[in-house]
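Taking it in order: structure first as structure tokens, then the write-up.
The values are calculated or read from the model by the stated rules, or taken from the named source; none is laboratory data. All values derive from a computational prediction rather than experimental measurement. When we count neighbours, we look across all protein chains shown, and the Cβ atoms used for this are built from the backbone with ideal geometry, even at glycine. SASA here: full protein model, heavy atoms, side chains in, ligands and nucleic acids out. Shrake-Rupley method; radii C 1.70, N 1.55, O 1.52, S 1.80 Å.
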Amino acid sequence: EAGTYAGVGSTRCSSCEGGWIPDASQAGCVPCDPGEFALPGSENCSACPPGSYSQLGSSSCTQCQAGKYSAEGSSECSHCPSGSYAAAGSSQCSLCSEGSVPDVEQSSCRLCAAGEVASPGSSSCSACSVGMYASSRGECSDCEAGTYALAGSTHCSPCEGGRIPDASQAGCVPCDSGEFASPGSENCTACPAGSYSQLGSSSCTQCQEGRYSAEGSSDCSDCPSGAFAAPGSSQCSLCSEGSVPDVEQSSCRLCAAGEVASPGSSSCSACSVGMYASSRGECSDCEAGTYALAGSTHCSPCEGGRIPDASQAGCVPCDSGEFASPGSENCTACPAGSYSQLGSSSCAQCNEGRYSAAGSSQCSDCPSGTYAAPGSSECSLCSDGSVPDDKQSSCEPCETGEVAPAGSSSCVTCDGGTYAPSSSATCKRCEDGTWSSSKA
């Protein structure tokens, strides 16, 4: 029968063992070729199916191992090329999908680790470069502006405040002094005028009072003497006339009464003696006849009997024989017939019987035989026949029978035989035939 054989002198036909089939004359058995197989008693050899192989005289086909493949009728399995895989018994190798690569045995695919990518057919996963991240398992994407990523990152991170990504977006670098950056900033920004920052700052610090800065400053500068600045100032300002900076140089304060300051002054100055603060920025000279102490807001007139000294810093008394009414610029000599003591505001008239020249400190008594009315500048002689009264204030006539030459201090009685004509300086003899007794 088909599939059996019989040798010479056989009494029966026999089946060939597995892997062998009868030869053409059925006189014996021949082995199946490699890539074929035959079950015991088979008439013909059969080709091994894809994904398997056989050696010479095989009764069955052996499945290809994982990572290998074969076509139909193969005598051995071939290794899958790099980047592909095959399960056991595969007729062909397959490429791993995006984001995965064959395992060590090339029997299946394994996913790439986080931050790694692989395109179909890749034999290994690759980490994304610095500045990139694995947006999917098959593609690396650039980090957005203001973020960074190390090699093999799954995402990009914003830099912390005061730092920005470096050129390759591989890490963060600090902002320079005078700059700042808020978290996630792409670039550092110069600090605005009136503020400053140190290296790696997330914000700028406002300048304190009395200090200022230009844009992009790493520190604030002190205002020069005589200038001020409020907090956060970009420049210093001069105080207006009559004011100066306060201790912190944050604002201006008005000078005290009697003090002055020109714009840019660092301190108020008291007006000198003889001057007064006519405004808070200017000292003016006192008018004639007035005085002022240092730091005065006005000038004052001297009281009567006193006048300003040479510097108009105070008042000095008029000398004896002089006077000054309140507010006078100079002392005036007392007129003749009057006098004054030291520091007088007016002159006193000389009493009767006394006299004085101009500028006298006292009056003098008239000499005997003279007289002076009150306020006289000199003494006068009484005319013939008269003499000064008891107070020497005026003249009074001699009595009948008395005479007095001009300048006499008393009247003289005429002797007998003489007589005194009216207002006579001397007694006259009676004419012949007449007579007179004493006081005639």
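Would you check which residues across the stretch 82-121 are surrounded by fewer than 18 Cβ atoms within 10 Å (Cβ to Cβ), over 30 Å from residue 157 (Cα atoms) and not aliphatic (A, V, I, L, M) and list them?
Matches in the stretch 82-121: 82, 91, 92, 94, 103, 105, 107, 108, 121.
Select from the stretch 304-313 the residues that are loosely packed, with under 15 Cβ neighbours inside 10 Å and of a type outside the set (A, V, I, L, M, F, W, C) and list them in ascending order.
Residues satisfying the conditions are 309, 311.
Out of 338, 345, I need the residue that is more than 50 Å from the chain's Cα centre (by Cα), closer than 23 Å to residue 393 by Cβ and of a type in the set (S, T, N, Q). Which one?
Only one candidate qualifies: 338.
Any residue in the stretch 35-59 that's closer than 17 Å to residue 92 by Cβ: show its pairings with residues that are in a loop (DSSP other than H, G, I, E, B) and among the aromatic types (Phe, Trp, Tyr) at Cβ separation under 9 Å, as long as the two are six or more apart or on different chains.
Once the first residue is closer than 17 Å to residue 92 by Cβ and sits in the stretch 35-59, no partner that is in a loop (DSSP other than H, G, I, E, B) and among the aromatic types (Phe, Trp, Tyr) comes close enough.
Identify the single condition in (1) open to solvent by less than 30 Å² (accessible area, probe 1.4 Å); (2) among the small types (Gly, Ala, Ser); (3) at pLDDT below 95; (4) over 30 Å from residue 100 (Cα atoms) that residue 167 does not satisfy, given that it satisfies every other one.
(1)
Given the residues 320, 311, 328, which is the only one that is within 50 Å of the chain's Cα centre (by Cα) and of a type in the set (Gly, Ala, Ser)?
Of the residues listed, the single one that is within 50 Å of the chain's Cα centre (by Cα) and of a type in the set (Gly, Ala, Ser) is 311.
For residues that are assigned to a loop (DSSP other than H, G, I, E, B), open to solvent by less than 60 Å² (accessible area, probe 1.4 Å) and within 17 Å of residue 252 (Cα to Cα), tally how many sit in the stretch 265-288.
Residues flagged as assigned to a loop (DSSP other than H, G, I, E, B), open to solvent by less than 60 Å² (accessible area, probe 1.4 Å) and within 17 Å of residue 252 (Cα to Cα) within the stretch 265-288 amount to 3.
Hey, does the stretch 16-35 have a residue that's at negative phi, modelled with pLDDT under 95, surrounded by fewer than 18 Cβ atoms within 10 Å (Cβ to Cβ) and of a type in the set (A, V, I, L, M, F, W, C)?
Yes, that holds for at least one residue.
Could you list, ordered by first residue, the pairs with Cβ atoms under 8 Å in which the first is in the stretch 300-314 and closer than 16 Å to residue 275 by Cβ and the second is acidic (Asp, Glu) and assigned to a strand (DSSP E or B), at least 6 apart or interchain?
Once the first residue is closer than 16 Å to residue 275 by Cβ and sits in the stretch 300-314, its partners that are acidic (Asp, Glu) and assigned to a strand (DSSP E or B) give 312/285.
Would you confirm whether or not the stretch 5-14 contains a residue that is modelled with pLDDT under 95, among the hydrophobic types (A, V, I, L, M, F, W, C) and open to solvent by 60 Å² or more (accessible area, probe 1.4 Å)?
So far as the stretch 5-14 goes, yes, one or more of its residues are modelled with pLDDT under 95, among the hydrophobic types (A, V, I, L, M, F, W, C) and open to solvent by 60 Å² or more (accessible area, probe 1.4 Å).
Name the residue, out of 300, 320, 325, that is open to solvent by 20 Å² or more (accessible area, probe 1.4 Å) and farther than 30 Å from residue 356 by Cα.
300
Within the stretch 131-150, restricting attention to residues that are modelled with pLDDT of 90 or more and open to solvent by 70 Å² or more (accessible area, probe 1.4 Å), which residue is nearest to residue 183 (Cα to Cα)?
Residue satisfying both the conditions and the ranking: 144.
Tell me yes or no: at least one residue of the stretch 284-301 is modelled with pLDDT under 95, among the hydroxyl-bearing types (Ser, Thr, Tyr) and over 30 Å from residue 346 (Cβ atoms).
Yes: the stretch 284-301 contains one or more residues that are modelled with pLDDT under 95, among the hydroxyl-bearing types (Ser, Thr, Tyr) and over 30 Å from residue 346 (Cβ atoms).
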